[in-house]
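Report on the structure given below.
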Amino acid sequence: DEKSEYVKYRRILVDWLADIQLKFHLQPHTTHVAVMYMDRIMQTRAVPRDSLQIVSLVCLLIASKYEEREIDVPTIDMLVQELKTSDVTSSKENQAKEEQRLRKHIVQIEIMILNRLKWDLSEYTPLHFLAHFLHKGVLFENDMIDSIHENQEQPSLKRILKQFKRYTNFFAELALQD
């Protein structure tokens with residue numbers, strides 16, 4: 001069953017998308033949204049195993065178009081370079097044809113994914129809620145814990161917020177795998 005194939009490879013795809021997200025300097029929530037798109041697509045119809053990588057990469061492209069600034073969205077050529085297999089024996093002409101075929105295929109898959117998602121791209125991830133709570137203020141000056149020892153230095157609010165954000169991002173990344 002091809003749907004069970006996706007479950008088997010989901011963790012690998014999510015790790016790979018996280019690497020691509022770092023390589024393209026995208027925001028972490030973009031990867032979370034892309035994974036949610038992948039999950040929705042895999043629930044509607046099975047995707048052949050040899051197409052899982054390109055479908056997941058195009059989900060990241062769609063998520064970045066929705067979540068990122070326009071200047072930060074990876075280009076189709078950048079995606080082609082990620083998908084391209086380096087065949088040393090093929091000629092430059094064959095490589096150019098393969099790149100052109102991949103460009104067309106990426107656009108076709110993007111349209112197919114958007115249609116399967118019914119153009120409903122609204123996804124809210126734990127990172128969206130975290131950003132909202134941090135923006136609204138979850139910690140205030142009077143929330144500080146009193147030191148047990150008088151000569152112990154009080155942690156700064158900035159440091160607490162930094163650690164809070166770091167650990168919540170860490171746990172959100174862990175949850176992405178499941």
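Structure above, values below:
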| read-out | value |
| --- | --- |
| Helices (runs of 4 or more DSSP H) completely within the range 86-178 that count 2 or more residues being touching a helix residue (DSSP H, G or I) at 6+ places or on another chain (Cβ under 6 Å) and modelled with pLDDT under 75 | 126-136, 157-176 |
| Pair list, Cβ under 8 Å, 6 or more apart: the range 25-54 residue within 20 Å of Thr75 (Cα to Cα), other residue aromatic (Phe, Trp, Tyr) and open to solvent by 40 Å² or more (accessible area, probe 1.4 Å) | Val33/Tyr66; Leu52/Tyr9; Gln53/Trp16 |
| Which numbered condition Met78 misses (of (1) modelled with pLDDT of 70 or more; (2) open to solvent by less than 70 Å² (accessible area, probe 1.4 Å)) | (2) |
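The values are calculated or read from the model by the stated rules, or taken from the named source; none is laboratory data. No experiment lies behind these values; they were computed from the predicted model shown. With ideal geometry, Cβ positions are generated from the backbone for all residues, glycine too; neighbour counts draw on all protein chains shown. SASA here: full protein model, heavy atoms, side chains in, ligands and nucleic acids out. Shrake-Rupley method; radii C 1.70, N 1.55, O 1.52, S 1.80 Å.
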